[in-house]
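This report concerns only the one structure given below.
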Amino acid sequence: MQRNAGARRHDRGAAALELAIVLPVLVSLTFGIVDFARMFNAEIQVSQAAREGVRLASLVTTVNTPAFTVTDVTNRARLAAPPGFGIATPVTVALVQACPNTVSTPPVAVVRVTYLFDGVIWDRPLSEQAVMRCVG
């Protein structure tokens with residue numbers, strides 16, 4: 001009996017020491033998983049914003065002129081990527097190519113949306129480009 005009680009006395013701080021070693025690793029891993037999920041969500045929203053912008057930019061009227069202005073396309077893309085869980089600041093929208101095009105190039109509209117993701121662990125620029133054939 002006496003020998004067992006002495007062994008317990010020497011192990012009293014072992015659990016606290018193990019917790020002090022393991023806890024920072026577990027907290028970092030948890031924050032990394034949450035931050036990656038936020039970044040993935042922001043990537044999906046940026047991709048959706050590019051698709052919405054190019055969908056509007058690809059529409060042309062019957063006289064072969066763009067149906068919407070660059071401002072309309074930019075506003076539509078920004079509305080598709082609202083501030084929320086992944087998107088904290090407004091996205092940057094660039095209409096790379098609008099309809100109608102010259103004869104030498106295929107009739108497509110191209111919109112690029114960029115966003116600087118500001119995470120707890122990662123700070124990374126996210127960029128998506130969408131291409132759609134012009135329709136009228």
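The values are calculated or read from the model by the stated rules, or taken from the named source; none is laboratory data. Keep in mind the model is a prediction, meaning the values are calculated, not measured. Using ideal geometry, Cβ is built from the backbone for each residue, glycine included, and neighbour counts are taken over all protein chains shown.
Assorted remarks:
- Test result for Ala37, at pLDDT 85 or above, part of a strand (DSSP E or B), closer than 15 Å to Leu126 by Cα and not β-branched (Val, Ile, Thr): no
- Matching entry among Phe85, Phe117 (being under 16 Å from the mean Cα position of the chain (by Cα), at pLDDT 80 or above and among the hydrophobic types (A, V, I, L, M, F, W, C)): Phe117
- Looking at Val93, Val46, Val108, just one residue is surrounded by fewer than 21 Cβ atoms within 10 Å (Cβ to Cβ) and at pLDDT 80 or above, and that residue is Val108.
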